[in-house]
Amino acid sequence: MGGGGGRFRRVSEGRRPAARRPGGGPRGGGVGMTKNEIAEVLEEIGVLLELKGENPFKIRAYQAGARAVEAIEAAEFSRLIREGQLGTVKGLGEALVQKITELHTTGGLEFFEKLKASIEPGLVDMLGIPGLGPKKIRALHAKLGIADIAALAAACADGRVAQLDGFGEKSQEKILTGIKHREAYGKRHLWWEAQEVAEPILAGLKALPAVERVEAAGSLRRGMETIGDLDFLVAAADSAPVVAWFTAQPGVQEVTARGETKASVRFAGGLQADLRIVPADQFVFALHHFTGSKDHNVQMRQRALARGLSLSEWGLVPAEGEGTAKEKAAMVKAESGNRKPERTEGKPAIGIRTEVELFSALGLHYIPPELREGRGEIEAAEAGELPALVELRDLRGAFHNHTTESDGRNTLAEMTAAAEAMGWDYLGIADHSKASFQANGLSEERLRRQIAAIRELNESKRFKTHVFAGVECDILTDGRLDYDDALLGELDYVVVSVHNAMTQDEATMTARIIRAIEHPATTMLGHLTGRLLLRREGYQVDAAKVMDAAIAHRVIIELNASPWRLDMDWRHWRKAAERGLLCAINPDAHETDGLRHVAAGVNSARKGWLVKAQVLNTRTLAGVQRWFRERK
Ligand code: DGT
Ligand code: ZN
Ligand code: CA
Ligand code: CA
């Protein structure tokens, strides 16, 4: 829910700020923290020390400590702590060893808590504004006495920030835009995080004896990339115990509405949830209505009207005559009693219990929730031309993943083991290239060593999962790639991405990306716009031109499945894929847990009408190898 580390950390390129569970505790049920969580805390300490203006050596020690912890494999890490040998690791001094051990065994750290308490919370909030690092925040605080975002907005508005050394008009404007975005961003939540909140609520509702059916509806069910609020729908004869449970469940901070058959609550972190309770025979109509979208609903209602029917959250009834749809639905129900459903022409489809039946009553094939955006799905459903959408279980691997060689949190072996555990036939490694020095990008020599290590790992047959040697090669400011052709030729595949000079104008950026696409070694384009959902807008780029170039040069555009990115956006995919653009659903995983993010990518792929054949990583290992070979 954007709490804990999520809100707090600065977002580095590509790397997902690991979202902590609601409540901020470590995952996995244990008391202590995993090595990745510990690394995150060490990084946070580094940022806080910077904010306080502490000694740079001390700051760097924490940053290096985080890297050192990540580079140790998990089993080895536990052993070192158990045997008191952590001090033998390079880069971990005595003070760090003691703190890491405390985090590992207790899950907390007194030093960290005190440090957090010693800093004004408003300053920490300011870290969430793009372009504002600890140094600038300190300057604003010291010279203008700014201690929170409201004061910062005021200082920008009357021009005081622009007059400060190292700021200027441009950066003042950027900060103001950042603050405005932040307000809008604050109202929505990532699908991934909303889903994590929704899961236990669904389970809790299901477990209530009074509950017959329960579904999450709304944008969550439609797989939108961000979620305004959660919507739960319950079928129950007795609603009182359901409302009681819902409003008293763990994590509820405020009950914003409470009625006999509905309630709304707000959780810590700001996410809200609506609950509606309906009688069982009304459930399917309510489910369809509250799944939405609004546009889809409007079109469905028009379609019903054209057939002399009225569709609403209460039912599907004859449209003519007096009375509201609600009254008519009640009337039809009373007339029908417990009779078997009647589906004869012209009569209301009283016995409808499933969405398949609901769509069918209006002469439509079943429309999956992801497609219900009012973008032509009803016409396609009428013509029997809905695509057989790609599914999570179709995926056999993924290509864009990082390891500790660059800015990942798990080693090559750990990532491969995780891919094997997911049942994947192959895993593509694509660490950062040398221009991404902030992400510890690989020099030519280090990349060659990694390629050799990957070949060796494959030959050792240690894992069932085959590893492809790739790279996420920076697209330099003029569109050249970050390695020479000889080295690029040694790789199985090449992902090209923009990671710097993101403020270029649209024409320059578009030409830059197209030049990279035209490079014969390029296999796929990473994150088309570089957006970070609810955090940062993408760079200016003419997506249509980039897609044209990719199609012409048989280059894949990735659907970056990181819950923070989902880039290229689903709204582009249907048309592009029809024109022959191939997709790869790439988790951009920076840790083993990140591989699971392909699920978010599959949501967006489905929203983009993609079928299995349009996604490279649904193919078999041999199929992928053939595709790579034929491209060369
Ligand atoms: P969100 O919460 O902003 O991410 O988006 P939704 O789609 O979950 O919207 P929400 O929670 O306001 O309402 C859930 C569904 O209820 C929505 O998708 C369609 C339906 N709905 C809500 N208000 C209206 C309305 O005024 N007209 C129609 N036709 N449907 C509505
Ligand atoms: Zn990247
Ligand atoms: Ca909603
Ligand atoms: Ca709602």
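The residues of the stretch 262-298 that are over 18 Å from ASP229 (Cβ atoms), surrounded by fewer than 16 Cβ atoms within 10 Å (Cβ to Cβ) and away from ligand 1 (no atom under 13 Å from the Cβ), listed by number, are PRO279, ALA280.
Can you find a residue that is under 22 Å from GLN614 (Cβ atoms) and part of a loop (DSSP other than H, G, I, E, B) anywhere in the stretch 509-524? Yes, the stretch 509-524 contains at least one residue that is under 22 Å from GLN614 (Cβ atoms) and part of a loop (DSSP other than H, G, I, E, B). Could you tell me whether the stretch 225-232 includes any residue that is touching a strand residue (DSSP E or B) at 6+ places or on another chain (Cβ under 7 Å), at pLDDT 95 or above and open to solvent by 20 Å² or more (accessible area, probe 1.4 Å)? For the stretch 225-232, residues touching a strand residue (DSSP E or B) at 6+ places or on another chain (Cβ under 7 Å), at pLDDT 95 or above and open to solvent by 20 Å² or more (accessible area, probe 1.4 Å): present. In this structure, is GLY397 touching a Ser or Thr at 6+ places or on another chain (Cβ under 8 Å), at pLDDT 95 or above and closer than 21 Å to HIS288 by Cα? Considered against the rule, which asks whether it is touching a Ser or Thr at 6+ places or on another chain (Cβ under 8 Å), at pLDDT 95 or above and closer than 21 Å to HIS288 by Cα, GLY397 comes out as no.
Among residues of the stretch 216-232 that are within 6 Å of ligand 1 (Cβ to nearest atom), those with a beta-carbon under 6 Å from a residue that is open to solvent by 20 Å² or more (accessible area, probe 1.4 Å) and assigned to a loop (DSSP other than H, G, I, E, B) at least six positions away or on a different chain give the pairs GLY228/ARG188. Could you tell me whether LYS135 is in contact with an Asp or Glu (Cβ under 8 Å, 6 or more places away or on another chain) and either in contact (Cβ under 8 Å) with a residue 40 or more places away in the chain or not β-branched (Val, Ile, Thr) (or both)? It is true that LYS135 is in contact with an Asp or Glu (Cβ under 8 Å, 6 or more places away or on another chain) and either in contact (Cβ under 8 Å) with a residue 40 or more places away in the chain or not β-branched (Val, Ile, Thr) (or both).
Scanning the stretch 151-165 for residues that are small (Gly, Ala, Ser) and touching a residue at least 24 places away in the same chain (Cβ under 8 Å) returns ALA151, ALA153. So which of GLY601, GLY580 ends up being free of Cβ contacts under 8 Å to residues at least 60 places away in the same chain, surrounded by 24 or more Cβ atoms within 10 Å (Cβ to Cβ) and outside any strand (DSSP E or B)? The unique qualifying residue is GLY601. Taking the stretch 7-33 as the range and being surrounded by 21 or more Cβ atoms within 10 Å (Cβ to Cβ) and either assigned by TED's automatic domain parsing to the domain that holds ASN560 or modelled with pLDDT of 50 or more (or both) as the test, only MET33 passes. Would you confirm, using the coordinates I've provided, whether ALA452 is within 24 Å of ARG409 (Cβ to Cβ) and touching a His at 6+ places or on another chain (Cβ under 6 Å)? For ALA452, the condition - within 24 Å of ARG409 (Cβ to Cβ) and touching a His at 6+ places or on another chain (Cβ under 6 Å) - is not met. Would you please list the contacts, defined by Cβ atoms under 6 Å and residues six or more apart or on different chains, that run from a residue in the stretch 87-107 that is more than 16 Å from VAL41 (Cβ to Cβ) and hydrophobic (A, V, I, L, M, F, W, C) to a residue that is open to solvent by less than 50 Å² (accessible area, probe 1.4 Å) and part of a helix (DSSP H, G or I)? Matching pairs, first to second residue: VAL89/ALA68.
Strands (runs of 3 or more DSSP E) fully within the stretch 240-329 that include at least 1 residues being within 16 Å of ligand 3 (Cβ to nearest atom): 252-258, 262-267, 272-278. State yes or no: is THR529 under 21 Å from PHE399 (Cα atoms), open to solvent by less than 50 Å² (accessible area, probe 1.4 Å) and among the polar types (S, T, N, Q)? Yes, satisfied. Each residue in the stretch 407-425 was checked for being surrounded by fewer than 24 Cβ atoms within 10 Å (Cβ to Cβ) and either within 16 Å of ligand 1 (Cβ to nearest atom) or of a type outside the set (A, V, I, L, M) (or both), and 7 of them qualify. Residues in the stretch 50-82 that are closer than 18 Å to HIS104 by Cα, assigned to a helix (DSSP H, G or I) and touching a residue at least 60 places away in the same chain (Cβ under 8 Å): ARG67, GLU70, ALA71, ALA74.
When ARG258, ARG301 are screened for being more than 18 Å from ARG188 (Cα to Cα), within 12 Å of ligand 1 (Cβ to nearest atom), open to solvent by 30 Å² or more (accessible area, probe 1.4 Å) and among the basic types (Lys, Arg), only ARG301 passes. When ASP474 is tested against (1) within 24 Å of the chain's Cα centre (by Cα); (2) among the charged types (D, E, K, R); (3) not in a strand (DSSP E or B), exactly one condition is not met: (3). Does any residue of the stretch 527-534 turn out to be part of a helix (DSSP H, G or I) and away from ligand 3 (no atom under 16 Å from the Cβ)? No - not one qualifying residue is present in the stretch 527-534. Inspect the stretch 212-221 for any residue being away from ligand 2 (no atom under 16 Å from the Cβ), more than 20 Å from GLU313 (Cα to Cα) and outside the structural domain of ALA561 (by TED's automatic domain parsing) and give the result as yes or no. Taking every residue of the stretch 212-221 in turn, none turns out to be away from ligand 2 (no atom under 16 Å from the Cβ), more than 20 Å from GLU313 (Cα to Cα) and outside the structural domain of ALA561 (by TED's automatic domain parsing).
Entry remark, the stretch 488-509: residues being crowded, with 20+ Cβ neighbours inside 10 Å and either closer than 21 Å to GLU630 by Cα or not hydrophobic (A, V, I, L, M, F, W, C) (or both) number 9 in total. Total residues in the stretch 75-117 satisfying the condition of being surrounded by fewer than 12 Cβ atoms within 10 Å (Cβ to Cβ) and within 30 Å of ILE179 (Cα to Cα): the figure is 3.
Condition check ((1) touching a strand residue (DSSP E or B) at 6+ places or on another chain (Cβ under 9 Å); (2) of a type outside the set (D, E, K, R)) across all residues:
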| position | (1), (2) |
| --- | --- |
| LEU140 | no, yes |
| GLY166 | no, yes |
| TYR185 | yes, yes |
| ARG188 | yes, no |
| PRO209 | no, yes |
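The values are calculated or read from the model by the stated rules, or taken from the named source; none is laboratory data. Computed from a predicted model, the values in this text were never measured in an experiment. Glycine gets a Cβ as well: all are built from the backbone with ideal geometry, and neighbour counts include every protein chain shown. Just so you know, the surface numbers come from the protein's heavy atoms only, side chains and all, with ligands and any DNA or RNA stripped out. Shrake-Rupley method; radii C 1.70, N 1.55, O 1.52, S 1.80 Å.
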